[in-house]
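Peer 1: The structure follows.
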Amino acid sequence: MAVDVQSEIVIDRPRDEVAEYAIDPSHAPDWYANIESVEWETPAPLGVGSRLAFVARFLGRRLAYTYEIVELVPGERLTMRTAQGPFPMETTYTFAAHGNTGTHMTLRNRGEPKGFSTISAPLMTTAMRRANRKDLATLKALLERGPSSPAS
């Protein structure tokens with residue numbers, strides 16, 4: 001069973017500002033509750049081919065994985081993939097203008113569990129959906145704080 005979780009939110013900040021903050025790997029631990037750290041495996045800046053090592057906690061387990069950026073359209077879209085481990089994953093962020101000053105952001109995680117992970121795919125889907133919604137709400141709160149927001 002494939003896992004495909006898509007979550008959306010509208011953030012009352014300009015699209016380029018939201019995209020710039022959200023795709024910056026150094027900010028991931030600030031708005032993703034499960035991400036403990038991110039380290040560059042390739043030199044900055046972020047671009048297609050960049051590799052980032054993440055350490056996270058999910059469903060009580062410590063996970064270490066490396067994402068590779070496979071698509072980057074500044075201000076519009078970022079797609080990154082990991083192939084290692086029992087649960088290869090693709091994560092995509094999309095950003096679209098919403099009204100005069102807002103941004104509609106979509107966060108999508110897709111993957112095809114292997115081995116034992118196939119049994120837990122339905123549980124993982126539910127947990128990922130819940131976590132993604134919370135993470136996007138945190139991102140929205142961070143960015144909507146006003147002039148002292150992290151993206152300003």
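Peer 1: Do we have Thr42 as farther than 17 Å from Thr106 by Cβ and modelled with pLDDT of 95 or more here?
Peer 2: Criteria met by Thr42.
Peer 1: Would you point out the residue of region 59-91, among those that are of a type in the set (A, V, I, L, M, F, W, C), surrounded by 13 or more Cβ atoms within 10 Å (Cβ to Cβ) and touching a helix residue (DSSP H, G or I) at 6+ places or on another chain (Cβ under 7 Å), that is modelled with the lowest pLDDT?
Peer 2: Per the criteria, the residue is Phe87.
Peer 1: Another one. Can you tell me which residues in region 17-40 are assigned to a helix (DSSP H, G or I) and touching a residue at least 60 places away in the same chain (Cβ under 8 Å)?
Peer 2: Once the filter is applied, which keeps residues that are assigned to a helix (DSSP H, G or I) and touching a residue at least 60 places away in the same chain (Cβ under 8 Å), region 17-40 yields Glu17, Val18, Ala19, Glu20, Tyr21, Ala22, Ile23, His27, Asp30, Trp31.
Peer 1: Is it the case that Leu123 is crowded, with 17+ Cβ neighbours inside 10 Å, out of contact with any strand residue (DSSP E or B) (no Cβ under 9 Å at 6 or more places or on another chain) and either more than 17 Å from Pro25 (Cα to Cα) or modelled with pLDDT of 80 or more (or both)?
Peer 2: no
Peer 1: Restricting to region 56-79, name every residue that is part of a loop (DSSP other than H, G, I, E, B) and touching a strand residue (DSSP E or B) at 6+ places or on another chain (Cβ under 9 Å).
Peer 2: The answer is Gly75, Glu76.
Peer 1: Ok, one more. For region 42-70, which residues satisfy the criterion of being touching a Ser or Thr at 6+ places or on another chain (Cβ under 6 Å), farther than 23 Å from Ala96 by Cβ and of a type outside the set (Ser, Thr, Tyr)?
Peer 2: Across region 42-70, the qualifying residues are Arg51, Ala53, Val55.
Peer 1: Give all pairs with beta carbons closer than 6 Å in which a residue from region 1-12 that is more than 15 Å from Ala131 (Cβ to Cβ) and surrounded by fewer than 18 Cβ atoms within 10 Å (Cβ to Cβ) meets a residue that is of a type outside the set (A, V, I, L, M) and modelled with pLDDT of 95 or more; count only pairs at least 6 apart in sequence or on separate chains.
Peer 2: These pairs meet every condition: Val10/His98; Val10/Gly102; Val10/His104; Asp12/Gly102; Asp12/Glu144.
The values are calculated or read from the model by the stated rules, or taken from the named source; none is laboratory data. Quick caveat: nothing in here was measured; it's all calculated off a predicted structure. Here the Cβ is made from the backbone with ideal geometry for all residues, glycine too, and neighbour counts use every protein chain on show.
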